[in-house]
Every structure is written in structure tokens, then in C-alpha cells.
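*Asks:* Mind having a look at this structure? Questions to follow.
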Amino acid sequence: MPIVNSEEMFKKAYEGGYAVGAFNVNNMEIIQGITESAKELNAPLILQVSAGARKYANHTYLMKLVEAALEETNLPVCLHLDHGESFEICKAVIDGGFSSVMIDGSHYSFEENVEITKKVVDYAHERGVVVEGELGRLAGIEDAVNVSEKDASFTDPDEVQEFVERTGVDSLAIAIGTSHGAYKFKGEPTLRFDILEEIQKRVPGFPIVLHGASSVMPEYVEKINKYGGNIPGAQGVPEDMLRKASQMAVCKINIDTDLRLAFTAQIREHMGENPGDFDPRKYLRPAREAISEVVKHKIINVLGCENKA
Ligand code: G3H
Ligand code: 13P
Ligand code: ZN
């Protein structure tokens, strides 16, 4: 099964009232853990790679690992660049075999965002690659950029239709209250479903993307803290809110933090219980299994995409 783009996936997801999970990958165990669960549950899948992940693992290694996963699972998988910050990095991954890129122009003015997004769309579409843009700004940490709460802003529905028409993007990430990382809400979690609904009216049938959508699963945070970690006050997006969004226009839900927490929790637990172990296979195996458990849980309880591959 070759790497596919997300066009068909999103069409089916929009019509079917579910979302496709976009999971961040950084190494072999994470790729294996995710793809094994998607195969078991016959779920459509997006594997996404940030600039940081690409720098850490190397483009060629990541490509080969994803190719191996395709061969093993026989699933249609979309390989996506997460938070592309320039035309150059988008071009590099398109030339290097990715089927989807995000150009994150959310830090620019509207006009500059339109300009850079359109430039990427023109290059990508000629090569059968799809593009995700972003309007509005999430709080939290992405690579080296830390957006403070005061600089975060919700997506303005008035801008959406013009942005989509002028750029030709295939999907759009919006800001409705989610944020990156493990600390998403200070008080009661709320998402601006009114904004999502309004956007859905302005661009009917158009796929929307939710970043910062980890639920910060308490069992893993507790385990990390039990075994010497220190993650007090972490709070994620409630799963019922994500499920509701996936039944609306949200077709892609981004999850990284929950994978990181699960991976780390199992390694901490293993080392805590077996302090004499120094064989990486001994502690990476349970970490990989935890990734699988998280992905299964998301497919069934959050995304609703079981048996939709
Ligand atoms: O949105 C950011 C993702 O969690 C990727 O994080 O840039 O540290 O790889 P990263
Ligand atoms: P989380 O930090 O909530 O997992 O969000 C990940 C993300 O949006 C990747 O682009
Ligand atoms: Zn993101």
C-alpha cells in the first residue's frame, strides 16, 4: 500500500461524522505502536512529522520506517509535515516523498499568511500533495516557538472563506481553545463550538483540523509522578468535547502529548520496578505497547474511526 494523501480520508470523515487521528512520530517504537493499533482496528491514519522530529530522526530514516510500517500493515497512511514554518521545508518534504504538508502561517499577518500558503499550495498541488493552513493562533509550545496566552487568538470566522478561496488549501487548522502541550486550561475546560459552527456554515463540507487535542490522560500523568516525575496541574481537552468536534467539521485531530506521556510513563515505571535493567528492549517494549493502547483508545473513544480505513 503506498503513502496516500488525505483527500479521500477527509471526504469520508466529514460525511461519516468522525475524524482521522494525526499522531506525531519520532522513532521506530512510536511508529510501530501507532500503526499496529490502526491495523488492528482497521482505521485510517495520518503520521505526522515536525521539523524537530525530522532533525532528531533524519528524513531518510523516517521515510524508511514509515515505508516498513506500510509494508507490514497494508494500510493507507498519509505522511504529513506538522507545523511547516517555511516554503523551503514544505518543498523539501514534498520532494522527499511526503503526501501532505502544513504551512503554519498563523504567526504572520492575514495577507502574508495568504501569500505563503498559496505559494506552498501551488507547489504541492502540482505534485499531488495536499496542504493544511492555519488561521488563528493556539497558545502553547510548538518546536522552539512558545505562544503565550496573551498572544493566542481564536480564529475569526469572517476570514475563513476568503482564506480558503484565495489560497486553495485543502484543510484548515483553527483555534477554538485547544493548545499544545500538557497545560491546556487554567480553569474549567471550554472549547468555542460556536466558532466551529460558524466556520462550518461559511465553508460547508470543508475539513477542519484541531491541533493541541491531547486529553493529557490522567493515568499516565499519575504514573510519571508516582515514579519520580513532576507534572503537577496538567490538564487536557475532555474526550467528549473532541468526539463532539469530530462529529462536526473537524476531520483531523492532532495528538502528540498523550503519546509522549504514555511512552515516558511506561519507561519510568519499568525502571522504577526494575532498577537493574539496562537493556533498552526491556523498557522500550512496554513503552511501545503504551503507544498502542493510547492509539486504540483514541480511535474508539475520541475519533470514532474504527473500521473506516
Ligand atoms: O505541535 C507540536 C508537536 O507536538 C510537535 O512537537 O515540534 O517538539 O516535535 P515538536
Ligand atoms: P498536543 O500537544 O495536544 O498533543 O497537540 C499536538 C499537535 O497539535 C501537533 O501538531
Ligand atoms: Zn500542532
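*Asks:* Of all residues in the range 48-75, how many are under 26 Å from residue 307 (Cα atoms) and within 16 Å of ligand 2 (Cβ to nearest atom)?
*Replies:* 2
*Asks:* While we're on this one: When you check residue 191 against the structure, is it within 18 Å of residue 154 (Cα to Cα) and either in contact with a His (Cβ under 9 Å, 6 or more places away or on another chain) or within 16 Å of ligand 1 (Cβ to nearest atom) (or both), yes or no?
*Replies:* Here the answer is no, as residue 191 does not meet what is asked.
*Asks:* Looking only at residues in the range 99-127 that are over 25 Å from residue 153 (Cβ atoms) and among the polar types (S, T, N, Q), which one is nearest to ligand 2 (Cβ to nearest atom)?
*Replies:* The selected residue is 100.
*Asks:* Okay, moving on. Could you check the range 76-94 and list, in sequence order, the residues that are more than 16 Å from ligand 2 (Cβ to nearest atom), among the charged types (D, E, K, R) and crowded, with 17+ Cβ neighbours inside 10 Å?
*Replies:* 91
*Asks:* I'd like the residue in the range 205-246 that is hydroxyl-bearing (Ser, Thr, Tyr) and away from ligand 1 (no atom under 16 Å from the Cβ) and, out of all such residues, is nearest to residue 182 (Cα to Cα).
*Replies:* By that ranking, first place goes to 227.
*Asks:* Any idea which residue in the range 80-90 is farthest from residue 8 (Cα to Cα), counting only those that are away from ligand 1 (no atom under 15 Å from the Cβ) and touching a residue at least 24 places away in the same chain (Cβ under 8 Å)?
*Replies:* Filtering first and then ranking leaves 87.
*Asks:* What are the residues in the range 35-51 that are hydrophobic (A, V, I, L, M, F, W, C) and without any contact (Cβ under 8 Å) to a residue 40 or more places away in the chain, if any?
*Replies:* If the condition is that a residue be hydrophobic (A, V, I, L, M, F, W, C) and without any contact (Cβ under 8 Å) to a residue 40 or more places away in the chain, then 47 is the only one that fits.
*Asks:* Enumerate the pairs (first residue in the range 1-23 and touching a residue at least 12 places away in the same chain (Cβ under 8 Å); second residue anywhere and in a helix (DSSP H, G or I) and within 16 Å of ligand 3 (Cβ to nearest atom)) with beta-carbon separation below 7 Å, excluding pairs fewer than 6 apart on the same chain, so at least 6 apart or on different chains.
*Replies:* From the range 1-23, the pairs are 21/298; 23/259.
*Asks:* Among the residues of the range 1-58, how many are hydroxyl-bearing (Ser, Thr, Tyr), away from ligand 1 (no atom under 16 Å from the Cβ) and under 21 Å from residue 257 (Cβ atoms)?
*Replies:* Qualifying residue count for the region: 2.
*Asks:* Being of a type in the set (Lys, Arg) and either buried (at least 16 other Cβ atoms within 10 Å of the Cβ) or under 30 Å from residue 128 (Cα atoms) (or both) is the filter here; which residues of the range 160-191 pass it?
*Replies:* Passing the criteria: 166, 184.
Here is a yes/no grid of residues against (1) over 25 Å from residue 199 (Cβ atoms); (2) of a type in the set (A, V, I, L, M, F, W, C):
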| site | (1), (2) |
| --- | --- |
| 221 | yes, yes |
| 232 | yes, no |
| 243 | no, no |
| 250 | no, yes |
| 256 | no, no |
| 259 | yes, yes |
| 263 | yes, yes |
| 271 | yes, yes |
| 281 | yes, no |
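*Asks:* Please go through the range 14-45 and give me each residue that is out of contact with any Leu (no Cβ under 9 Å at 6 or more places or on another chain) and of a type in the set (A, V, I, L, M, F, W, C), ordered by number.
*Replies:* 41 - this is the single residue of the range 14-45 that is out of contact with any Leu (no Cβ under 9 Å at 6 or more places or on another chain) and of a type in the set (A, V, I, L, M, F, W, C).
Since every read-out is calculated from the coordinates, none of them should be taken as a lab result. These figures come from a predicted structure and were not determined experimentally. Don't worry about glycine lacking a Cβ; one is built from the backbone with ideal geometry, like all the others, and counts go over all protein chains shown.
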